[in-house]
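Take a look at the structure set out below.
The values are calculated or read from the model by the stated rules, or taken from the named source; none is laboratory data. None of these values were measured; they are calculated from a predicted model. Protein only, heavy atoms only, side chains kept; ligands, DNA and RNA dropped before computing areas. Shrake-Rupley method; radii C 1.70, N 1.55, O 1.52, S 1.80 Å.
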Amino acid sequence: MGSPQMRLLKTTATSLLAVAAAMAFAVPAQAGPRDSDHDGMPNRWEKKHGLNPHSRADAKKDPDHDGLSNRREYKLRGNPHDEDTDNDGQDDGDERRTRTKVNKADSDRDGILDGDEDADRDGVANEDEDDAYERCAADDDDRDRDFVADEDENELHLRVGDADSDDDGVRDGAEDRDGDGASNEDEDDKNGDACNGDRDRDGKSDEDEGDRFGTITSFDAGTGTLVVTTVASRRVSVEVTDDTEIELGDESGHDEGDGSTTDLVAGAGVAELEIDRETRDLEKIKLL
């Protein structure tokens, strides 16, 4: 039967085994996030972003057209309905190419937004690398609908999500932050823009509806010097040449069409200027 000491050791060992077994049954194994359709995205995340937790079909879809599937958005902590989750100016899909983070605006913490960096050192910012193959300006997010792409707001010292950053009553897109004679909204214009919308079909681009760039301060017919004061109280001086196109608007007191230098009078409203940045010659002026 053994000594009392041996019987005590056996009893103690048996008790410990019983306790261990009880604990094993009492503590359930840690379960992973529930994924009903087994598409690699948890139900809770799918519901949060308006996806179907009972269909695997949405795993490969890309609703924000940023180059990342919904499944990749989940794995990289992105937003499947926002092409630029961290608002650094660079689309989520492009972040993979430059090896920056989808959800961190300044991945290397150097004080420069990822979109403003130049990963391949070709003189083109990360955020502008995809401009060549984008169909139109509307391919870039514009959350506040001020007609300045989110990726360009910081360069013009504007605020993403605020259509009137300086609260002066003029939409950011209609102002001329850098004083070059081109409205903020026109800085990224491209010829043949496939998304240059005209919802009311009045022949005027949506971004130009209601625009007022400024007012003519003076025009010297002898020298051709035209001075325009912008809505932000900046003065823009340009040279009118024989090649300058003058377009009359529906508020100019004339039928819309071609105008002449006689229409360049002080006080006339100006909707838009197109200036040759090297010569400062006025290529086109749209009067209100």
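Structure notes:
- Remark: for residue pairs Lys60/Lys101; Lys47/Lys104; Lys101/Lys284; Lys101/Lys286; Lys48/Lys104; Lys104/Lys284, the C-alpha separation exceeds 32 Å in Lys101/Lys284; Lys101/Lys286; Lys104/Lys284.
- In Å², nearest 10: area of Val124 left accessible to a 1.4 Å probe: 50
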